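Taking it in order: structure first as structure tokens, then the write-up.
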Amino acid sequence: MARRPLLRAATAAACMAPGAADLTITIASPVAGHVYHTGVVFPSAHVVAGPGPLSDAVLAAPGDFELCADGDAGSDGAHANAACYGFHAFFDELPGLKLEAKALRAGKHEFRVWLRRAGNEPALAEARAPYAVGTPPRADTILAMHYGHDAALAVVTGGEVEAVIELERLPGGRRYEDGWSIVERYTGVAGVEAEAARRVHLARVWAEAGRAARLATGRPPDFAFGDAVCNPMIRDLSAQGAAGLRIARDAVDPGATWHEVDHHASHAALALFDAARQLGVRHPLVVAFDGGGNDGHTLAFAGNATAEPSLTRLSLLDDAVGVDFAEVNFANRYAGVAAALPEVTRDQCAPAAARAAGACARCLDDWPAGRMLALAGKMMGYSALGTARAEWLPELRAYFLGRKHDVVAPRHPHCYTFPLRALANSARADRAAQRDLARTAQRVFEDLVVDMVSGLIARHPGRFDGVAMSGGAALNVLANERLAARLDVPVHVPAAPGDCGLPVGSAWLLRRPSLTAAVGLQHAGPLPWDHALLGAYAARLNATRASVEDVADLLAEENIVGVVRGRAEHGPRALGHRSLLAVPARGMKERLNGLKKREWFRPVAPVVAVEATDRVYKRRGVLSPYMSFAPALRAAAAARCPAMTHYDQSSRPQTVTAADDAWLHALLLAVAARTPCEALINTSFNARGRPILNSIADALGLLRTDDDLDYVLVDDWLFAKRDDLAAAVVELSGVDAGRGHL
């Protein structure tokens, strides 16, 4: 099959006043899974010396390249003043690399664009210094890192997880990721000069994460870990990524011996061993699928929790349906549909003409990775508003299988957004068509997941005693529910199937956990950063001790209570330790969504004691401690508890046993004795656009500013609204309430 050109440089003078000399350069790849979107503005004041255009001979070998632009070139055409941005060209696609250099004008300035082989090869080699690949760890304690979106650190000793630090909880940015966009967000610096700021920012944030990991596990700030592990995806993407990873590693622990493991193998190890510990399965089918890693984007393994090898790669070629599922990028295709829907994106899609036509034409990779993932989560709830259209199923199936690209936005061959107006056969895609597209895409996603997993089980009869799923695509609770209802073996999804769970899986690849310890990972995060001030906060603000019965009384009176108890959740779901809790009475979902400033169509999740699940749900024996499934409600339960009922009569429950969380389990039983519902509703305790909070200062700040938040419970201390909340927080901690402790 002939390959399409790997890179196309789209150049445009961006938002310039007359006479300005800035140029925005975007690098795009038409190859699924390979995206280069710099969005970097090159001021001509920042220059480096540059050679001539890249020759065909240089293109013969893969490696690091630079896309360069200059202004005010001399009459001889020499590139005397140039600003360059680096990227890494992939191996087998490199021979198709092409670039059409063109001159653009902005005011009085003329720009030229060209490619060149990156310089300073010794620096690149140093950035990619070899890891201790294949070397067994020497120390019992392993520090595990994920560098990328949803960045995280984990400390694992003897296979047991001591703590996980998700970096979004430190600087306050959702789904923390490293890169130019992050530097611009936190420092306000853009363009070439952002590189110096980026290095300083990376070193500071990762050093802070390292200190937090040591603090959370009772180690001194200068404790040296003997062994550490990460995966090479970001390192291999670009010279900039390689340099950033080395900065992060050195900031966390410069003396550790670093090991390297694969991205999806880490996802798979997490799913395998967590399923073994929680469900008792020993030989599950393991599926790891997301938007991409160093080893692909959809992989399947035969798991063995008791012997080596723990993971044996399986072929995903299914002749029965004519699909090689290894080539299907479930996550990016799904998010691409979400990016086409104005109600999901809050009309933040370009250009204006596309919005007027009822569909976004903004490319998926125009969104930061964290925002893209958020769009996918929103579309899952939004899809309940629509109806799957049978006549659209073939087109959307072809789209998910990579056999159809968007023709609405032809400027960019890597657009995942789907041609909605063409589907609707109309000049304008109305709200009904938008909602039906979401539902139809969700249906196709589910169908493909069921086909993939069912086909694997059929091709390996009797081999698997369960199914364990991980990767960001495993967060699709509707697809998980269809599998759980269809299969004769249990289905398990860990608490952190996304990339923030990679560190634990990476560590378990180096050192297996014990299968006899059934402690879950849902509360593996740290204590509140300012937990030592709890007694002082309680005394200063006249907080009162509250029992389970006291809290049940407040909830039965339809108060909303923000709960901060013990260690934080690990993963994207709030599971009772950093939660907003309420009874599922009529109108309470709207109050919670208003408090969070969320879209009106977003559901809230019920929390149900495991003893009540068969009375609440149609599917018997629902076990969902991490909100991984979406069973249909019984009609009587839906009528009694309207706030926990989504538009399609489903809900995404957290089931709780006394072993999972004794306090929350007791609270559920106490609420059931006071109300018609054997459940609470729960959403994460955070302000809009912020991560789940991890400081008492933030919790009290929201109590002060949000009218619908009635109380905050920190451990067993109950805080009520007071006029001096902000002053007390500043007095005790020196932090403005609501602005974060760290």
Task: Leading residue by the ranking (modelled with the lowest pLDDT) among those in the stretch 162-196 that are crowded, with 21+ Cβ neighbours inside 10 Å and within 14 Å of A524 (Cβ to Cβ) - done: R169
Open item on the list: Quick test of your reading of the structure: R362 fulfils all but one of (1) of a type in the set (K, R); (2) assigned to a loop (DSSP other than H, G, I, E, B); (3) modelled with pLDDT of 85 or more. Name the failing condition by number.
Closed with: (3)
TODO: Would you check which residues across the stretch 485-508 are part of a helix (DSSP H, G or I) and crowded, with 24+ Cβ neighbours inside 10 Å and list them?
DONE: D499, C500, G501, L502, P503, V504, G505, S506, A507, W508
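Does T298 qualify as being assigned to a strand (DSSP E or B), under 24 Å from P494 (Cα atoms), within 18 Å of the chain's Cα centre (by Cα) and among the hydroxyl-bearing types (S, T, Y)? Quick ask: steps written out before the conclusion?
On the way: assigned to a strand (DSSP E or B): yes; under 24 Å from P494 (Cα atoms): yes; within 18 Å of the chain's Cα centre (by Cα): yes; among the hydroxyl-bearing types (S, T, Y): yes.
Judged against the criteria, T298 is a match.
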Open item on the list: Could you list, ordered by first residue, the pairs with Cβ atoms under 9 Å in which the first is in the stretch 311-340 and loosely packed, with under 15 Cβ neighbours inside 10 Å and the second is assigned to a loop (DSSP other than H, G, I, E, B), at least 6 apart or interchain?
Closed with: T312/N304; D324/S315; D324/L316
Open item on the list: Restricting to the stretch 703-725, name every residue that is farther than 19 Å from H577 by Cβ, under 28 Å from the mean Cα position of the chain (by Cα) and surrounded by 20 or more Cβ atoms within 10 Å (Cβ to Cβ).
Closed with: none
Open item on the list: It is to be established whether one or more residues within the stretch 661-673 are assigned to a loop (DSSP other than H, G, I, E, B) and under 21 Å from R619 (Cα atoms).
Closed with: no
- [ ] Please enumerate the residues belonging to the stretch 427-463 that are within 14 Å of A300 (Cβ to Cβ) and among the charged types (D, E, K, R).
- [x] D451, R459, R463
Task: strands (runs of 3 or more DSSP E) wholly inside the stretch 674-735 that include at least 3 residues being touching a Cys at 6+ places or on another chain (Cβ under 6 Å) and either within 14 Å of W529 (Cβ to Cβ) or not assigned by TED's automatic domain parsing to the domain that holds R540 (or both) - done: none
Task: When residues of the stretch 414-428 are limited to those that are buried (at least 23 other Cβ atoms within 10 Å of the Cβ) and of a type in the set (A, V, I, L, M, F, W, C), the one modelled with the highest pLDDT - done: L420
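The values are calculated or read from the model by the stated rules, or taken from the named source; none is laboratory data. All values reported here derive from a predicted model rather than from experimental measurement. Because the Cβ atoms are built from the backbone with ideal geometry, glycine has one as well, and the counts that use them run over all protein chains shown.
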